[in-house]
Every structure is written in structure tokens, then in C-alpha cells.
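**Student:** This is the structure, below, for whatever I ask next.
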Amino acid sequence: MNDKEIVENTTTPELQKETQGLTMKVIARIHTDFPTKFGIPHQSSRIESLKAQIVFEPEYRVPEAVRGLEEYTYLWLIWEFSENVRDTWSPTVRPPKLGGNIRKGVFATRSPFRPNALGLSSVKLERIEMDRALGPVLHVTGADMMDGTPIYDIKPYLPYVDSHPDASGGFTDRISYSGLTVVFPDKWLEMIPTESRKALTEVLAGDPRPGYQKDPGRIYGLAFGGKDVHFRVEGDVLTVCGVTDFSG
């Protein structure tokens, strides 16, 4: 089959009709400590101390639908970049980890600015709670999603086929992931619930700033768990300089 035949075969009216007729249903929403996009880890499972809950939509609150799910350690989530939906797309993007100055093909990145605003994340399943009103609630860790993000599908992670330790990571293999040193004065740390302190500190250590922002005099605000955490970064040291209630 030549290139012309391939193009013709992939644009048949039947195939176009099937593609245009695909309907995606939101089956659940995830609830996290991130009310805004800023500061969310760029990849899932990097910070497993981040806790989240997956609550199914009323139609899917059926205990039988998750029967056997407790046998797995990790799950794949297919979800929507709901804050990045747009009508147009670009074949290239500027990954923040490359400083925002180098372009890569959109399909060679995990950028949210895609033809279809779909994300894929691997999270750890801690437990399944059977709630009288909400049905099965999945308690997970390591999610890289904003609070309320719609989920389209959940699949079990299978280590014998999903894990490839020797795989090449493209441009990400050349990026240093050494964390920042976090200085969190006690007067501000005490305003954070004890159970959230470890996760928040790890998020800050991962440097929430965009890759192209390095101004040591700038003060940033990270919304997390009902608080707005103000910080600045100088060199490889992040210093928290205030904590206030998040006002939305």
C-alpha cells in the first residue's frame, strides 16, 4: 500500500462518521489539594505523598464496576485537560522544562495543548471506600491533576506490560531533577494541617515555577489545600514568606 492509498483509506466517509460520532462520557471526577493549575507536578507519581479521591458520577456509582480493582497497586487514569480546551492546536510546543525557548513536536511531549485535550496518569491505589451516598470512592496518591478534573476512564496498571525500565525518555533524560532546599519557617508551617505538610513541602521542593521564570525577587503564590502559600526562590533555595487562606 502506498502513501496515497493510506491517506485515502484514512479519510473514508465511514471512518469520518465513526470518528465524529465518538462520545466521551465523564465517569468520575478527582478531588485534590490544587484548586488552580499552578504548582501541580508535571508528571504523575513523582510525589506519592499527594492524596486524592476519585468520586464517580451518579450513573457509575455501582460497586460491581470496581469489583477486583483492589487487587491492583496502580491505576491508569484517562482525563481531560479541562482548563486547556481550545479550538486550535499547534504542531509544536515549548516544554517548560527546556526553559520555554525550545520547540518540540506536540506528540513528542506531554503538553496539555493537544488536538484532543486528554491526559494520561498513573496513580497508586491506596484503598476503596464504600460510601453510602457516593458509592465506591477511590483513594489514590501521586495524582497530577487539578481539583474537579473530569475522568473518562480508569484501567488497571499491569507491570508485566506497562513497565519498561530500559526505555529512552527523550529530552527528559537530559534534565536534572535535583530538588530545591525548602525553608519553611515554623510560624507559617503551623498554619498547614499536619497531614498535608510533607506533600506541600515536596511540591515546593519540585520547584512549582515555570521553567522560564528565575527572578529571585519575585514572590509567587501556590494555592494548596485551602491555603495560599507565598514563596520566593533564590538559587536552589525556596523560602516560604507567608501563608494566607485561599480566596479563590
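**Student:** Taking just the C-alpha trace of region 167-219, give me its Rg and Dmax in Å.
**Tutor:** 14.6, 45
**Student:** For the chain, set up a Gaussian network in which alpha carbons nearer than 10 Å are linked by springs, and say which option among THR194, THR73, THR109 fluctuates the most.
**Tutor:** Highest fluctuation of the listed residues: THR194.
**Student:** Taking region 53-105, which trypsin sites (Lys or Arg not before Pro) meet the DSSP loop condition and have no more than 15 other C-beta atoms within 10 Å?
**Tutor:** Values: sites: ARG61, ARG67, ARG86, LYS97, ARG103, LYS104; in loops: ARG61, ARG67, ARG86, ARG103.
When the trypsin sites (Lys or Arg not before Pro) of region 53-105 are filtered for loop state and at most 15 Cβ neighbours within 10 Å, ARG67, ARG86, ARG103 remain.
**Student:** Now a separate question. In angstroms, what radius of gyration and Dmax does region 76-143 have, counting Cα atoms only?
**Tutor:** For region 76-143, the Cα-based Rg and Dmax read 16.3, 51 Å.
**Student:** Under the rule a/c < 1.5 gives rounded, and otherwise a/b versus b/c splits prolate from oblate, where does region 108-211 land using the Cα gyration tensor? Walk me through the numbers on the way to the answer.
**Tutor:** Numbers: a/c = 1.78, a/b = 1.06, b/c = 1.68.
Oblate shape, in that a/c is at least 1.5 and b/c is the bigger or equal ratio.
**Student:** Turning to a different aspect of this structure: For GLY242, what residues show an amide H to amide H distance below 5 Å, using hydrogens built from the backbone and excluding near sequence neighbours?
**Tutor:** Close amide H contacts, sequence-distant or interchain: HIS230.
**Student:** Turning to a different aspect of this structure: Using only the Cα atoms of region 44-91, build the gyration tensor, take square roots of its eigenvalues as a ≥ b ≥ c, and label the shape rounded, prolate or oblate: rounded if a/c is under 1.5, else prolate if a/b is larger than b/c, else oblate.
**Tutor:** It comes out oblate by the Cα gyration axes.
**Student:** Another question, if that's okay. From the phi of every residue in region 68-82, what ³J(HN,Hα) in whole Hz does the Karplus formula 6.51 cos²θ - 1.76 cosθ + 1.60 yield, where θ is phi - 60° and glycine or proline is x?
**Tutor:** x, 5, 5, 7, 9, 8, 10, 10, 9, 10, 10, 9, 10, 6, 5
**Student:** Per-residue ellipticity at 222 nm for the chain, helices alone: DSSP H runs ≥ 4 residues times -39500 (n - 2.57), over residue total, nearest 500 deg cm²/dmol?
**Tutor:** -3500 deg cm²/dmol
**Student:** Let me ask another. Between LYS97 and ASN116, what is the spin-label point distance in nm, taking each point 7 Å from the Cα along the Cα→C-beta axis?
**Tutor:** Roughly 2.4 nm, to one decimal.
**Student:** Could you grab the Rg to Rh ratio for region 11-140? Cα atoms only, Kirkwood for Rh.
**Tutor:** 1.02
**Student:** Using DSSP to call loops (not H, G, I, E or B), can you name the GluC sites (Glu not before Pro) in region 96-190 whose Cβ has at most 16 other Cβ atoms within 10 angstrom?
**Tutor:** GLU190
**Student:** Taking amide H positions as placed 1.01 Å from N in the peptide plane, with prolines and chain starts having none, which residues 5 or more places from LYS227, or on another chain, fall under 5 Å of its amide H?
**Tutor:** Long-range HN contacts for LYS227: PHE246.
**Student:** Over the chain, with every protein chain in place, what whole percent of the accessible area is carbon and sulfur at 1.4 Å, could you tell me?
**Tutor:** Details: 7760 of 15200 Å².
About 51 percent, which is the carbon plus sulfur part of the accessible surface.
**Student:** Going through region 121-228, which trypsin sites (Lys or Arg not before Pro) have at most 15 other Cβ atoms within 10 Å and a DSSP loop state?
**Tutor:** Qualifying residues, ordered by number: ARG132, LYS214, ARG218.
**Student:** List the lysines whose Cα sits under 17 Å from the Cα of LYS187, skipping any in the same chain fewer than 8 residues away.
**Tutor:** LYS187 reaches LYS198, LYS227.
**Student:** Tell me, rounded to the nearest percent, the portion of alpha carbon pairs in the chain spaced more than 24 Å apart.
**Tutor:** When all Cα pairs of the chain are counted, 56 percent exceed 24 Å.
**Student:** Related question: How much accessible area per residue does the chain have, counting only protein heavy atoms and a probe of 1.4 Å, in square angstrom? Intermediate results must be reported in sequence, preceding the final value.
**Tutor:** Working: 15200 Å² over 248 residues.
Counting only protein heavy atoms, the per-residue value for the chain is 61 Å².
**Student:** While we're here: What are the residues whose amide H is under 5 Å from the amide H of LEU118, where those residues sit 5 or more places off or on another chain and H is modelled from the backbone?
**Tutor:** Excluding prolines and chain starts, which carry no amide H, the hits are PHE81.
**Student:** Around ARG46, under 10 Å between beta carbons, what's the net of Lys plus Arg minus Asp minus Glu among the other residues?
**Tutor:** Values: positive: none; negative: GLU48, ASP144, GLU202.
Value of the local net charge: -3.
**Student:** Does region 144-193 come out rounded, prolate or oblate, given a ≥ b ≥ c as the square roots of the eigenvalues of its C-alpha gyration tensor, rounded meaning a/c under 1.5 and, failing that, prolate meaning a/b above b/c? Provide the component values of the computation, followed by the final result.
**Tutor:** Numbers: a/c = 2.91, a/b = 1.45, b/c = 2.00.
Oblate is the answer for region 144-193, as a/c is 1.5 or above yet b/c matches or exceeds a/b.
**Student:** I've got another one for you. What is the Cα centroid distance between region 126-185 and region 53-90, reported in whole angstrom?
**Tutor:** Centre-to-centre (Cα) distance: 12 Å.
The values are calculated or read from the model by the stated rules, or taken from the named source; none is laboratory data. Note that the structure is a prediction, hence the values are computed from the model and not measured. Neighbour counts run over all protein chains shown; Cβ positions are idealised from the backbone, glycine included. Ligands, DNA and RNA are stripped out before the accessible areas are found, and what is left, the full protein with its side chains, is counted by its heavy atoms. Shrake-Rupley method; radii C 1.70, N 1.55, O 1.52, S 1.80 Å.
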